[in-house]
Ligand SMILES: Nc1ncnc2c1ncn2[C@@H]1O[C@H](COP(=O)(O)OP(=O)(O)OP(=O)(O)O)[C@@H](O)[C@H]1O
Ligand SMILES: [Mg+2]
């Protein structure tokens, strides 16, 4: 609420997570959450408003009596703020509207908890206490109508599980996204172009190649070819876990682009079995100069550049003037 | 009955090879699906060359899902229909393929790629069935038998 951009962020998140109206409707259907549930929950609203403060007090005294949760509330101002937010959340449970804004709100709760790094088991544990506190009061409030009490409790459980599902999913989604972003960041910096010798570059590729990365690799390679006036490049793909036709296509295009700049690319590290599978699928690898290992690649490159590669012993004899 | 067969499976110590499902939502999932397929093929006793063919077939279908349908699922499961084999199902609820005959031709690609994924995968598998409906999605079911 303090941050006016917050609602927009959650809206975007909702889209990213694929939580369309249809998807939410499917979830409600799976929970068998229907019009009667909405009615029952709405009918609970007055009672809920009466005992809201009591529930919140019990809830926070529980949280404050455990070390694990206490540490999140060391600042009294924060405590006051979350209590107020909690009360609002509590009243929303029975307000009778469980549409897109409601879902968005649940996501916001998930985001808030993930941001403070609240462990998921504490979230679930706290929710359990919360639910039991509410249950006692609900049973008490409906003591003259046990049937209504059970039915309402059932409706509440459905809604609560919908909520918990949304909140925990947000958690997971954000964690997964963080991991993905980190992987991307690592990949960005992990495609070095190494000048091995004059006119010879080594491009070791580690990790999966996808279209944006392929583009980045090609650009980086072409720039390096120009900067080093390279004639031969060894592109080592030993560390690439998947090579299928789409990846092969990227490799072929990189090779062709380098050729236009006057450099020959040798691809090393393509396993014979993968190469065979690609050929059977119909990938034409004839434009690509492939060799088995990185070592083979460097040797082939040196030959292309006219370096004489021979064993130290041989060199010793042929270059020994005293020998003649 | 159920509990008995469950107990015997566990106490017998033989690990029953089952089905696995891999949601395809991002690039890394292709690798996961490929690994699952390769692992199952290895457990079923496929040769190393066949394991690679199976893994490559999975890559092709998983990448098609990612590129053309954005999300979908790969299911790999053992087949014990008299002979041993592996079944792979690639399913998505994406845009579907308007002209399957054309998509099955070598060199036909709407993404500027090589256009060999579908016809090539059909070549390396023993059975290949593609069902696609525009606006509904695409399902490829393919099998490879142990030789
Ligand atoms: N799951 C899918 N959903 C929608 N369209 C698809 C799907 N899979 C394939 N197609 C369509 O069929 C065409 C041919 O697919 P195929 O895999 O044979 O080639 P490609 O993906 O274009 O190139 P390559 O696989 O060689 O990188 C694609 O270009 C695309 O238009
Ligand atoms: Mg393809």
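The values are calculated or read from the model by the stated rules, or taken from the named source; none is laboratory data. Keep in mind that this is a model prediction, so the values were computed, not measured. Heads up, the Cβs are rebuilt from the backbone with ideal geometry, glycines too, and the neighbour counts pull from every protein chain shown.
Observations on the model:
- Tally, over region A:281-308, of residues that are more than 34 Å from the chain's Cα centre (by Cα) and within 16 Å of ligand 2 (Cβ to nearest atom): 1
- Flag for residue A:267 being more than 12 Å from chain B (Cβ to nearest Cβ) and either in contact with a strand residue (DSSP E or B) (Cβ under 6 Å, 6 or more places away or on another chain) or within 16 Å of ligand 2 (Cβ to nearest atom) (or both): yes
- Hits in region B:116-137 (condition: at negative phi, over 13 Å from the mean Cα position of the chain (by Cα) and away from chain A (no Cβ under 14 Å)): B:131, B:132, B:133, B:134, B:136
- Taken together, the criteria exclude residue A:185 from residues that are farther than 30 Å from residue A:57 by Cβ, in contact with a strand residue (DSSP E or B) (Cβ under 8 Å, 6 or more places away or on another chain) and away from chain B (no Cβ under 14 Å).
- Residue check, residue A:256 farther than 26 Å from residue B:124 by Cα and within 14 Å of another protein chain (Cβ to nearest Cβ): yes
- The one condition in (1) in a helix (DSSP H, G or I); (2) surrounded by 13 or more Cβ atoms within 10 Å (Cβ to Cβ); (3) in contact (Cβ under 8 Å) with a residue 12 or more places away in the chain that residue A:118 fails to fulfil: (1)
- Only strands (runs of 3 or more DSSP E) whose full extent lies in region A:136-252 are considered here, and the ones with at least 2 residues that are exposed (fewer than 15 other Cβ atoms within 10 Å of the Cβ), modelled with pLDDT of 90 or more and away from ligand 1 (no atom under 16 Å from the Cβ) are A:194-197.
- Checking each residue in region B:14-46 for being at the interface with another protein chain (Cβ under 10 Å from one of its Cβ atoms) and out of contact with any strand residue (DSSP E or B) (no Cβ under 8 Å at 6 or more places or on another chain) picks out B:25, B:26, B:27, B:28, B:31, B:34, B:35.
- Matching residues, region B:65-111, being more than 13 Å from ligand 2 (Cβ to nearest atom), touching a residue at least 40 places away in the same chain (Cβ under 8 Å) and part of a helix (DSSP H, G or I): none
- Screening region A:272-291 for residues that are surrounded by 14 or more Cβ atoms within 10 Å (Cβ to Cβ) and assigned to a loop (DSSP other than H, G, I, E, B) and picking the one that is farthest from the other protein chains (Cβ to nearest Cβ) gives A:288.
- Residue B:49 falls short of the stated requirement of being away from ligand 1 (no atom under 14 Å from the Cβ), more than 24 Å from residue A:271 (Cα to Cα) and surrounded by fewer than 17 Cβ atoms within 10 Å (Cβ to Cβ).
- Criterion (more than 21 Å from residue A:165 (Cα to Cα) and more than 32 Å from the chain's Cα centre (by Cα)) met by exactly one of A:35, A:77: A:77
- Once region B:112-145 is narrowed to residues that are in a loop (DSSP other than H, G, I, E, B) and loosely packed, with under 14 Cβ neighbours inside 10 Å, the residue that is farthest from ligand 1 (Cβ to nearest atom) is B:126.
- Selected residue (only one of B:33, B:55 is part of a helix (DSSP H, G or I), more than 14 Å from residue B:144 (Cβ to Cβ) and more than 13 Å from ligand 2 (Cβ to nearest atom)): B:33
- Lone unmet requirement of (1) at pLDDT 90 or above; (2) within 14 Å of chain B (Cβ to nearest Cβ); (3) touching a helix residue (DSSP H, G or I) at 6+ places or on another chain (Cβ under 9 Å) for residue A:17: (1)
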